[in-house]
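The values are calculated or read from the model by the stated rules, or taken from the named source; none is laboratory data. All values derive from a computational prediction rather than experimental measurement. Don't worry about glycine lacking a Cβ; one is built from the backbone with ideal geometry, like all the others, and counts go over all protein chains shown. Each accessible area value is taken on the protein alone, full model and side chains, heavy atoms only, with ligands, DNA and RNA left out. Shrake-Rupley method; radii C 1.70, N 1.55, O 1.52, S 1.80 Å.
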Amino acid sequence: MKKIGFIGLGIMGHPMAKNLLKKGYPLIVFDLSGEAVSDVVSNGAEAAASVSEVVQAADTLITMLPNSPQVEDVALGSGGIADHAKPGTLLIDMSSIAPLAAQKIAAKLKEKGIRMMDAPVSGGEPKAIDGTLSIMCGGTAEDFAEAKPILDCLGASAVLVGGIGAGNITKLANQIIVAVNIAAVSEAFTLATKAGVDPQLVFEAIKGGLAGSTVMNAKVPMMLSGNAKPGFKVDLHIKDLTNAMDTAEAIDAPSILTQEALKMLQHLHDNGEGQSDHSAIAHFYEKLAGIEIRSKG
Ligand code: NAD
């Protein structure tokens, strides 16, 4: 089995790395946080002291980092992938980053004979733990075929949607739908609660109908119990919607709802909730309405 170098062991990368270990892949890992590294090492991974140590030891690389600047730094910065990877190495970047950044990084790596796919994911921490993520891939058909057995350890589906960058375009579409869906759920449950109807019963009544969604099932129980532990952080969603706005502007695509959802997330960030789960959009509505979305029962 190919030795995989895994860089970025946060909320998502940590369980993903563990799933690769469970399937028998030899793994060498690095994260800026030593705590994240030691837990994966206790599950059988080899620890590296730097990015360059991972890159030199691995045949295939996976990055799961916050945003474009971190991926660019690890890929192109000094001591990074471009400097140290063997020619022919495949980098699977599973972070959610700007599509243009993915294309730029891939082009620079290609000059060194290093291949890159963008393969961002959807499903959040629970699906990262279960190994049932949805993976949106951009790259060549050959690289996708090579990566597929690895991706199958991490996700329930991996779909090649186009060339490099197409994975992140698809992810931006996904993030628009999730943010606007959370905002719609928050607005609707605020209305019901303020009108005196028990939001728990509203959830029971509508979750199986056309308004039901994966977002509703995951986030309404959190809203009802006042739990905003991430999950997916407000600040990461601000990053995604900012990337979506920039992309929309570059290609002249309308982004009306994205802009409104971004304003709500920005408001939460400005009020100290940047590290809360994105379901905290409900707090934005609760404050405006002067109520809390809680069951009476
Ligand atoms: P996180 O902040 O929990 O983890 C990021 C990790 O990267 C941290 O452990 C950090 O120490 C490490 N890191 C940062 N810079 C580094 C560097 N230069 N070298 C080595 N390690 C470095 O974030 P996360 O929630 O795991 O998200 C990772 C990516 O996955 C993001 O792009 C996010 O948008 C995306 N994503 C997250 C979720 C979710 O629900 N959390 C769902 C889908 C996609």
Testing G167 on (1) buried (at least 23 other Cβ atoms within 10 Å of the Cβ); (2) touching a Leu at 6+ places or on another chain (Cβ under 8 Å); (3) not hydrophobic (A, V, I, L, M, F, W, C), one condition comes back false. Which one is that? (2)
Evaluate region 212-219: report whether one residue or more is outside any helix (DSSP H, G or I) and without any contact (Cβ under 8 Å) to a residue 12 or more places away in the chain. yes
Candidates I114, I129, I105, I135, filtered to the one that is in contact (Cβ under 8 Å) with a residue 40 or more places away in the chain, crowded, with 19+ Cβ neighbours inside 10 Å, of a type in the set (V, I, T) and outside the structural domain of S279 (by TED's automatic domain parsing): I135
Of the conditions (1) of a type outside the set (V, I, T); (2) at pLDDT below 95; (3) over 15 Å from the mean Cα position of the chain (by Cα), A141 satisfies every one except a single condition; which number is it? (2)
For residues that are in a loop (DSSP other than H, G, I, E, B) and closer than 23 Å to Q56 by Cβ, scanning just region 11-34, find the one that is farthest from the ligand (Cβ to nearest atom). G24
Can we say A57 is open to solvent by less than 30 Å² (accessible area, probe 1.4 Å), more than 14 Å from the ligand (Cβ to nearest atom) and without any contact (Cβ under 8 Å) to a residue 60 or more places away in the chain? no
Can you tell me which residue among K18, K22 is assigned by TED's automatic domain parsing to the domain that holds D130, among the basic types (K, R) and touching a helix residue (DSSP H, G or I) at 6+ places or on another chain (Cβ under 7 Å)? K18
If you go through region 225-263 one residue at a time, how many are away from the ligand (no atom under 16 Å from the Cβ) and either open to solvent by less than 20 Å² (accessible area, probe 1.4 Å) or in contact with a Lys or Arg (Cβ under 6 Å, 6 or more places away or on another chain) (or both)? 1
